[in-house]
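Structure record follows, encoded as structure tokens.
The values are calculated or read from the model by the stated rules, or taken from the named source; none is laboratory data. Just so we're clear, the structure is a prediction, and the values are computed from it rather than from any experiment. Neighbour counts run over all protein chains shown; Cβ positions are idealised from the backbone, glycine included.
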Amino acid sequence: MRSIRVWVVALILIFIIPVIGIKLRRNLKKMAYINGDRIEYIIQTGSRKEALPQIYLEELLDLSVDHSLYFKQFSKKKATEALLNSFIIKKVSVQKRPPSTIYIDYEVREPIALLGEFNGIGLDASRIVFPMEGFLSPKRLPEILLGFDTLPRYGEAVEHPNLEVALTLLQQLQGLNIEKIDLRNRRHSSYAKQEIIVVINIGEGDEKHYLRLDVRDYRRNLEDYRTLTREEISKGDLMIDFRIKQLAFIESLDGE
């Protein structure tokens, strides 16, 4: 009798366990079909190769080893909104490539100048202010000092009475190695102290020209500067004052 029970139990196990296994595999396949694979790759493309660190993009998308998403759960719309919340990303397109890859094609803001009153703050051609430190590789950019007391808000267009003049000067000085444009005294209460200062690096050395421009006739002053001959401009650091019409006072700053 006991042997018959053993055989019955054995037969039950032989037939039931495979059925349970088949059902389990079917359920797992169903779950995989619903959720899809987890996101494994984020590939970034754009006009600049890997302009931003990969980990920064992952943080913006709230993706990490501890917080991963299934591919089908990933929303392109939400991802686009999250990426555009970054002050440094100007345009972005997000695409999903099965089974587990996200493509991010984006354009970062390109600085045309630094706000000289602050460290690592860039300004782009749209007048948008954004932090550069830790994101974009450092490169030589002109500093503009407009007279800010507090840092403008990131991601917003700068409004300042001196900004239009600064942009005009940058445009007119194209081709020259501009180090600094200082407009803090452009609207000084004392007429005698009103001036615009432009610092230009000369050649490959450390020689500089410090231009003191008239606040009303600065365009003509720059034209006059370009007409100065090599005989009129000696080597070394020079202060060139254009504030008196039709005159340029040239002073050596090397103690000669």
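Odds and ends about this structure:
- Hey, TYR56 assigned to a helix (DSSP H, G or I), closer than 30 Å to ILE144 by Cα and under 14 Å from the mean Cα position of the chain (by Cα) or not: yes
- Residue match in region 52-71 (condition: crowded, with 18+ Cβ neighbours inside 10 Å, closer than 26 Å to ALA166 by Cβ and in contact (Cβ under 8 Å) with a residue 60 or more places away in the chain): no
- Within region 134-154, the set of residues being surrounded by fewer than 15 Cβ atoms within 10 Å (Cβ to Cβ) and modelled with pLDDT under 90 comprises GLY134, SER137, PRO138, LYS139, ARG140, ASP149.
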